[in-house]
Protein chains: 2
Amino acid sequence: MSKGSHTPPLRSLRHKKRKNKPIPLNDLFEALGKGEPSALARAITIVESTKPEDIETAQRLIALCLKVNRTSIRIGITGVPGVGKSTFIETFGSHLTTMGKRVAVLAVDPSSKMGKGSILGDKTRMEALAKNPAAFIRPSPSKDTQGGVTQSTRESILLCETAGFEIILVETVGVGQSETLVHSMVDFFLLLQLAGAGDELQGLKRGIMEMADAVVINKADGNNMAAVQNAITEFRNALHLYPPKANQWSPKVMQCSALYNTGIDALWELIETFMEHTKANGHFERNRQEQQKNWFLQTVERELGLRFFNQPLVQQQLEHYLEQVAANRIAPVAAALELLRLDQTTN
Amino acid sequence: MSKGSHTPPLRSLRHKKRKNKPIPLNDLFEALGKGEPSALARAITIVESTKPEDIETAQRLIALCLKVNRTSIRIGITGVPGVGKSTFIETFGSHLTTMGKRVAVLAVDPSSKMGKGSILGDKTRMEALAKNPAAFIRPSPSKDTQGGVTQSTRESILLCETAGFEIILVETVGVGQSETLVHSMVDFFLLLQLAGAGDELQGLKRGIMEMADAVVINKADGNNMAAVQNAITEFRNALHLYPPKANQWSPKVMQCSALYNTGIDALWELIETFMEHTKANGHFERNRQEQQKNWFLQTVERELGLRFFNQPLVQQQLEHYLEQVAANRIAPVAAALELLRLDQTTN
C-alpha cells in the first residue's frame with residue numbers, strides 16, 4: 001500500500017493492475033473523508049462496478065466508512081415525469097446549501113433502457129446545483145438488475161455521508177418497484193404531485209400514498225392556485241383514509257413552487273419537525289436498523305437466487321418449465337423441485 | 001399397487017408402512033374423482049403434510065389431478081373478525097348449492113397460534129353448510145410457515161376441483177400477508193365490510209382495497225340501513241381513487257345481509273358478470289397462468305431460502321449477523337457474503 005503513495009491516489013487506483021496486490025484504499029478513503037468530489041465519484045464507481053476485484057475493494061471501503069460516525073438525513077423524492085423533480089431538487093438543494101448544509105443527489109432508476117427514466121440525476125437538468133461546491137450530483141447507475149442498482153445506491157449513500165454530505169436526496173421515477181426500493185433506504189419519503197383537473201388521485205401509483213411522509217403539490221404559482229387548493233383538499237382526504245404509519249407521523253400535504261422558490265422553506269421546517277418527532281419516539285433509529293437488517297437479508301436471498309438462476313443448466317430449463325407450468329402440464333411445486341435438482345452451486 | 005386393491009383404499013393408505021412401496025395412489029385418485037368427501041379430506045391431509053414420503057405422494061397425486069380438466073371459480077373472501085364471514089359463507093354457500101353447484105370452503109390462516117384466526121373454516125361456525133352434501137368445509141391447516149400454508153392451500157384447491165367442486169371459497173382473516181397470498185390464488189377477491197360510524201376506511205388494511213373486485217357491506221339489515229348507504233358511498237369514492245385494475249374490471253360496492261339472506265343473489269350475479277367479463281377479455285386465463293408461474297418461481301425461491309437458512313451453521317450465525325448489521329458494525333452486503341460462505345447445501 002505504501003508503494004503507491006508517491007503517485008496521486010486516485011489515478012493510482014486506476015493503473016494498479018498487479019494481481020492480489022491491495023489497491024491503495026486508504027488513500028481513497030482519506031480523500032473521501034476530506035469530501036473531495038473526485039474521490040466520492042471514484043468510490044461510487046467502485047461500488048457500482050460488477051467486476052469481482054471491485055466488489056472486494058468496495059466491501060473493504062464500505063467497512064472503513066462504517067467506522068465513520070456521520071449524522072445525515074436521507075430523503076426520498078418521487079413523482080411522475082413532468083412534475084418538476086429536477087427544478088424542485090435544484091431549488092430545494094440550493095436552499096439547503098444556503099443554510100450551510102452539504103447536499104448529495106443520488107438517483108434510483110430501475111429501467112436500464114435509455115429514455116425518460118435514465119436521465120435521472122443528469123447534471124444538465126440541475127445546472128446551479130451542479131456548479132455548487134456544497135452539492136454533489138450523481139446520475140443513475142446504468143446497471144441491468146434492479147437489485148444491483150439498489151445495492152449500490154445504498155452503499156453510495158454511505159459514501160456520500162462519509163464525504164461529509166449531511167443531506168442525501170434520493171430521486172426516483174415511478175417505474176416498477178423503484179419507490180418501494182427508495183422508501184426502504186430513506187428516513188423521509190416525499191411525493192411530488194401536480195394540481196390537475198380535480199381528480200388528482202386517479203392514476204396514482206398503487207401503494208405510493210401509503211409510503212409518503214409528505215405530499216407536496218409543485219407548480220403552486222400563477223393561475224394554478226385554485227387547482228392547488230383543490231388538490232391539497234383531495235390529498236388530505238385521501239391520506240386520512242390510511243391507517244396510522246409505524247412512525248406515528250401523520251403525512252402532511254403542502255404546496256410549493258420550485259420555479260419561484262415558494263414553500264421550500266416551509267417544507268424544510270416540516271422535515272426538521274419530522275426528524276425531531278421520529279428521533280424522540282425512537283422510530284428514526286429503529287427504522288434505520290430495520291433497513292440495515294432487511295438489506296442484509298435481501299442481499300442473502302438475492303444472492304441465493306442469482307447463484308441458482310445464473311447456472312447455465314437452470315437457465316436452459318427455466319423457460320421450458322414456465323411454459324409447462326402455465327399450460328398446466330406440470331404442477332408448480334413439482335416443476336420447482338425438478339428445477340432445484342439441477343442445482344450445482346457449491347462454495 | 002394392485003396388491004392393495006383388496007383392502008378399502010383409504011384405510012390401506014394409512015396402514016401401508018413398507019418402505020419404498022408406493023401407496024395405492026390410484027385408489028385415492030379414483031375416490032377423489034368420484035367426489036368422495038373422505039377421499040378429499042385424506043388427500044388434503046397428504047398435501048398438508050411435511051413428511052418426506054407424503055410430499056412425494058402429494059406431488060404424484062397433484063400430477064394426476066392436473067390431467068383432469070375441471071372448470072371452477074375460485075373466490076377469495078376476507079374481512080376482519082366480527083364482520084360475519086362465517087354467516088356470510090354459510091348463506092352464500094347454501095345459495096350456491098341450492099342452484100345445483102358444489103361448493104368447497106378452504107381457509108388460509110398464517111397465524112399458527114390458537115386464537116381468533118385459527119378457528120377459520122371451523123365446521124361448527126357453518127352448521128348448515130357442514131351438513132350439506134354438496135358442500136365441503138376444510139379448516140385451516142395448522143402449519144407453522146406461511147409459505148407452507150399457501151402451498152398446501154393452492155394444492156387443496158386443485159384437489160377440490162378434481163373432486164368436482166365448481167366453486168372454491170378461500171377464506172382468510174387479515175393477518176400478515178394472508179390477503180395477498182389468497183389474492184394470488186383466486187379469480188375473484190371479495191372484501192367483506194361493516195357499516196360503521198361514517199369513517200369506514202379508517203383502519204382498513206394497507207393495500208386491501210386495491211385487491212378487491214367487490215366490497216360487500218354485510219349486516220345491511222334493521223336499523224343499519226342509513227349507515228350502510230353512507231358506507232357504500234364512501235367505499236365507492238375510495239375505489240374511484242385507484243388506477244384501473246389489470247383485469248379492466250371496476251370494483252363494485254354492494255350490500256347484503258347474510259343473516260336475512262338479502263343481496264346474496266345479486267352478489268352471485270355480479271360474480272357471474274365478472275367471470276364473463278374476464279373470460280371475454282382473456283384476463284381470466286392469463287391471470288391463472290401468471291398465478292401458476294408465480295407459484296412455481298416462489299416455490300423455487302422459498303426452497304432456496306429454506307435450504308440455506310435451515311443449515312445449523314447458518315442458523316447459529318444469523319442472529320449474530322443481524323445484531324452486527326443493526327449496530328452498523330458490519331456492512332449488510334459484507335455480512336451477507338460472510339453468511340453465504342457458510343453454505344454447505346449440495347444436491
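The values are calculated or read from the model by the stated rules, or taken from the named source; none is laboratory data. The structure displayed is predicted, hence computed values, not measured ones. Because the Cβ atoms are built from the backbone with ideal geometry, glycine has one as well, and the counts that use them run over all protein chains shown.
In this entry, residue A:225 is excluded by the filter for residues that are assigned to a strand (DSSP E or B) and either surrounded by fewer than 20 Cβ atoms within 10 Å (Cβ to Cβ) or at positive phi (or both). Taken over segment B:228-253, the criterion of being part of a loop (DSSP other than H, G, I, E, B), of a type in the set (A, V, I, L, M) and surrounded by 18 or more Cβ atoms within 10 Å (Cβ to Cβ) is satisfied by B:241 alone.
Being over 18 Å from residue A:309 (Cβ atoms) and at the interface with chain A (Cβ under 10 Å from one of its Cβ atoms) holds for only one residue in B:280, B:327, and it is B:327. Checking each residue in segment A:283-292 for being surrounded by fewer than 17 Cβ atoms within 10 Å (Cβ to Cβ) and either without any contact (Cβ under 8 Å) to a residue 12 or more places away in the chain or facing chain B (nearest Cβ under 7 Å) (or both) picks out A:285, A:286, A:289, A:290. Candidates B:302, B:307: the one that is within 14 Å of another protein chain (Cβ to nearest Cβ), in contact (Cβ under 8 Å) with a residue 24 or more places away in the chain, basic (Lys, Arg) and in contact with a helix residue (DSSP H, G or I) (Cβ under 6 Å, 6 or more places away or on another chain) is B:302. Among the conditions (1) over 11 Å from the mean Cα position of the chain (by Cα); (2) modelled with pLDDT of 95 or more, the only one that residue A:148 does not satisfy is (2). Among residues that are touching a residue at least 40 places away in the same chain (Cβ under 8 Å), surrounded by 17 or more Cβ atoms within 10 Å (Cβ to Cβ) and among the aliphatic types (A, V, I, L, M), residue A:83 is included. Every listed requirement among (1) more than 8 Å from chain A (Cβ to nearest Cβ); (2) at pLDDT 95 or above; (3) under 30 Å from residue A:67 (Cβ atoms) is met by residue B:274 save one, (3). Taken together, A:223, A:237 contain a single residue that is over 22 Å from residue A:186 (Cβ atoms), within 14 Å of chain B (Cβ to nearest Cβ) and free of Cβ contacts under 8 Å to residues at least 24 places away in the same chain, which is A:237.
Of all residues being surrounded by fewer than 17 Cβ atoms within 10 Å (Cβ to Cβ) and within 14 Å of chain B (Cβ to nearest Cβ) in segment A:197-209, which is modelled with the highest pLDDT? Just the residue, please.
Just the residues of segment A:197-209 that are surrounded by fewer than 17 Cβ atoms within 10 Å (Cβ to Cβ), to begin with: A:197-199, A:202-203, A:205-207.
Then keep just the ones that are within 14 Å of chain B (Cβ to nearest Cβ); that gives A:198-199, A:202-203, A:205-207.
On the way: A:198: 53, A:199: 55, A:202: 57, A:203: 58, A:205: 68, A:206: 65, A:207: 73.
Among them, the one singled out is A:207.
Among the residues that make up segment A:50-66, is at least one of them out of contact with any Lys or Arg (no Cβ under 7 Å at 6 or more places or on another chain) and closer than 30 Å to residue A:224 by Cα? No, there is no match, as no residue in segment A:50-66 is out of contact with any Lys or Arg (no Cβ under 7 Å at 6 or more places or on another chain) and closer than 30 Å to residue A:224 by Cα.
Mind checking which residues of segment A:58-74 are surrounded by fewer than 20 Cβ atoms within 10 Å (Cβ to Cβ), among the β-branched types (Val, Ile, Thr) and under 16 Å from residue A:26 (Cα atoms)? Answer for segment A:58-74, where residues must be surrounded by fewer than 20 Cβ atoms within 10 Å (Cβ to Cβ), among the β-branched types (Val, Ile, Thr) and under 16 Å from residue A:26 (Cα atoms): just A:68.
Regarding residue B:19, is this residue modelled with pLDDT under 95, over 23 Å from the mean Cα position of the chain (by Cα), more than 30 Å from residue A:324 (Cα to Cα) and not in a helix (DSSP H, G or I)? Criteria met by residue B:19.
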